[in-house]
1. State which helices in the chain qualify, where a helix is a whole DSSP H run, it must extend 15 Å or more along its own axis by its Cα atoms, and its mean Kyte-Doolittle hydropathy must be at least 1.0.
2. Label the range 133-245 by shape, choosing from rounded, prolate and oblate, from the square roots a ≥ b ≥ c of the eigenvalues of the Cα gyration tensor; if a/c is under 1.5 it is rounded, and otherwise prolate applies when a/b is larger than b/c, oblate when it is not.
3. In whole Hz, with x marking every Gly and Pro, tabulate ³J(HN,Hα) for the range 192-209 from phi via Karplus 6.51 cos²θ - 1.76 cosθ + 1.60, θ = phi - 60°.
4. So how strong a dipole does the range 53-199 carry about its Cα centre when Lys and Arg Cβ are +1 and Asp and Glu Cβ are -1, to the nearest 20 debye?
5. May I ask you to rank His105, His60 by accessible area, largest first, using a 1.4 Å probe over the protein chains only?
6. Within the accessible area of the chain, what % is carbon and sulfur when the probe is 1.4 Å and the other protein chains stay in place?
7. Nearest 20 debye, what's the magnitude of the dipole of the range 127-260 about its Cα centre given +1 on Lys and Arg Cβ and -1 on Asp and Glu Cβ?
8. Please give the per residue accessible area of the range 125-260, computed with a probe of 1.4 Å over protein heavy atoms only, in Å².
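The values are calculated or read from the model by the stated rules, or taken from the named source; none is laboratory data. Predicted model only: the values in this text are computed from it and were never measured. Cβ placement follows ideal geometry from the backbone for every residue including glycine, while neighbour counts extend to all protein chains displayed. In case anyone asks, the SASA skips ligands and DNA or RNA and just uses the protein heavy atoms, side chains included. Shrake-Rupley method; radii C 1.70, N 1.55, O 1.52, S 1.80 Å.
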Amino acid sequence: MNFSDDPRPLILVTNDDGYDAPGISHLIRALSGMGRIVEVAPDSPQSGKACSFTAHDQLHLRRISDDGDVLFYTCSGTPVDCVKLSLHHIFAQRRPDLIVSGINHGGNDSVCVMYSGTMGAVLEGCIVGIPAVGFSLQEFNWNADFTSAEEVVRTIVPQVLRKRMPRGTVLNVNIPYRKEFSGYKVCRQADGYWHKEYIDVNTENEEDLVFFTSGQYANREPDATDTEEYYLNRGYVTIVPCQVDLTAYRAMDDFKYLEQ
């Protein structure tokens, strides 16, 4: 696909809830008029796939439609597959100016960023040096009202396209489920974890145990006033800059004793 003659910003859109999720439809609507949009979304739900990709099976990329503004494909793989395969095939001549993932059904705050397929696609953009933003609405209901979330997209994306972002960073945007916000806040990721992560369905047969995924979130720093949890609970849209570099720089000196 050759986009070289199109002067508009080129925006790749994906998600992890699947191509038919309401969230991605609202994302496309919010992005309308901002550029040439290419939607490459999983053909089935891929939540919780994080940064995984398809290593051994064939991948199918199916072109669905093109109205001149939105070019629409489905992909048989994960969100990261959607990004990798589209960069390989669709964007071989011109890379996208921005990758936008979402709008996710449910929050991706705190440690959830490690599990999220929505953010997996965003972090893939980080790896290859393409600006990327993930949007998540703090509501799991399939029929949730995305009106306010669309407004967040329309507020943030034009600014990111205009001002760009530092190489090696991407944005994780979480949106409270409410009609009006207290504001927008750039903040840090909260330190938390999940516990009570499974419901025992059948543990009577030791040879065939059955569990259902569940879980409760625990915040290790409930009194901190500079985290996304603090601001989300107060009605703010939170914006957390993220990076792929997992080096614990503050701990490097603590391990100097291992040097030879």
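1. On the way: long enough: 117-128 (17 Å, 1.46); 147-163 (25 Å, -0.02).
Helices passing the filter in the chain: 117-128.
2. Numbers: a/c = 2.10, a/b = 1.88, b/c = 1.12.
Prolate shape, in that a/c is at least 1.5 and a/b is the bigger ratio.
3. Those phi angles translate into x, 7, 9, 9, 6, 7, 9, 9, 6, 8, 8, 10, 6, 9, 5, 8, 8, 7 Hz.
4. 540 debye
5. Working: His105 10, His60 85 Å².
Putting His105, His60 in descending order of accessible area: His60, His105.
6. Ligands and nucleic acids excluded, carbon and sulfur give 48 percent.
7. Dipole of the range 127-260, to the nearest 20 debye: 1240 debye.
8. For the range 125-260, the solvent-accessible area averages 66 Å² per residue.
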